[in-house]
Amino acid sequence: MGRNSSQLPSICSPSPPSRGVLIASYVLMAGALLLVMERSLLPGLLCACVGFQLTRALAGGITRVQRRPQGAMPERWVQNLAATVIVLAPLILLSSALSHTRYYIMDAPQQYRELLDYLARTVLELREKLPHDFTAQLPQGAADIQRIIANYLANKAGTLAIAGKAWLAAILHAYVGLLIGALAAVRPRILPSKPLTMALHRRISLLGESFRQIVAAQFWIALFNTMLTALFLLVILPLWSLELPYTPALITLTFVAGLVPIVGNLLCNVVLTIVGLSVSPVAAAACLAFLILIHKAEYVINARVIGQRTHMAVWELLCVMFVAESVFGPAGLVAAPLFYAYLKKELVEAELT
């Protein structure tokens, strides 16, 4: 009996993975992350993390809202309900957006003609003010502008098709990732028993913890960017007697897109510049200057806010962001804070830093 009791702890608590198993798990995790970057699967990975976290958070919220334990839904039902809401929400939002944008799509030819007329008037004003050497390079009117646009689109048709295919693939990967994350959040919680499975589970758990920290930091960054954009649209531009249309929608877009590091801020400021161009060239130039200023400032803002949340120095995160952007482009810039925060957690876990 005494011998069986002494053997009980070793049976109940699994032994830590061996050095070879740990190395194998590190190699597999590093290979998976590198594959994500090489095959442009980053939207899928990020949305898988988002789906997992949102499903768990929504399920926990539903459980807390239920007041009477005897009349509450079973935990499995709550999880399935949360996963269903997370999976269907993007489809509902997309269908709603398409129904609301139908008018704008049908009105696109008229808007195109108005834009051509506006560009033609702008070119005529420039021809009157600029020297002859410069005006000789400008188009003669709306017909020339339309021909230039048509030639440009014809020359760039292949590039535009590839870009459209890449965007569609990214959207599909993102939704599939969201679906995978939601399904993973409601799976039965069975603790792994095999050494390699345990080690990989720990790697994924550390990545999830890093993602939660990055998301919390990015929320404050998006809020800060939204405040700057609101100040620019509601205070600075009116001082110059310039006002952009759809200001509330642009401010809302700034916050929502700002939740995506770097790229989201760049996207919403490009929209700002296009809307500014519809008002006047001066407004477009002001929006473009604002875009450049905020885009460069976001390096420092990201590094400082995320660095405080993840205990990383500003200089090291800046270095990682610059290197990742040079190697992987904008995707590297988005992934750099998450991957480096995960690397730091692995180093702390291994007691190497």
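The values are calculated or read from the model by the stated rules, or taken from the named source; none is laboratory data. Treat the numbers as computed from the prediction; the structure is a model and nothing was measured. Here Cβ is always computed from backbone atoms with ideal geometry, including for glycine, and neighbour counts include all displayed protein chains. Only protein heavy atoms, including side chains, enter the accessible area calculation; ligands, DNA and RNA are left aside. Shrake-Rupley method; radii C 1.70, N 1.55, O 1.52, S 1.80 Å.
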- Message: Could you sort Ile221, Ile190, Ile23 by their accessible area in this structure, using a 1.4 Å probe and putting the largest first?
- Response: Ile190, Ile23, Ile221
- Message: Once ligands and nucleic acids are excluded and a 1.4 Å probe is used, how much of Ser193 is accessible, expressed in Å² to the nearest 10?
- Response: 90
- Item | Simple spin-label estimate for Val323 and Lys194 in nanometres, 7 Å along Cα-Cβ | 3.4
- Item | Largest to smallest accessible area among Met227, Met73 [probe 1.4 Å] | Met227, Met73
- So how much slack lies between Leu234 and Arg187, counting 0.36 nm per residue of separation and subtracting their Cα-Cα distance, in nm? 12.2 nm
- Qualifying trypsin sites (Lys or Arg not before Pro) for region 189-243 [loop in DSSP, other Cβ within 10 Å: at most 16]: Arg189
- Item | Heavy atoms of Lys194: accessible area, 1.4 Å probe, square angstrom to 10 | 130
- Query: What's the Kirkwood radius of region 181-297 in Å, using all Cα pairs?
  - Reply: 16.6
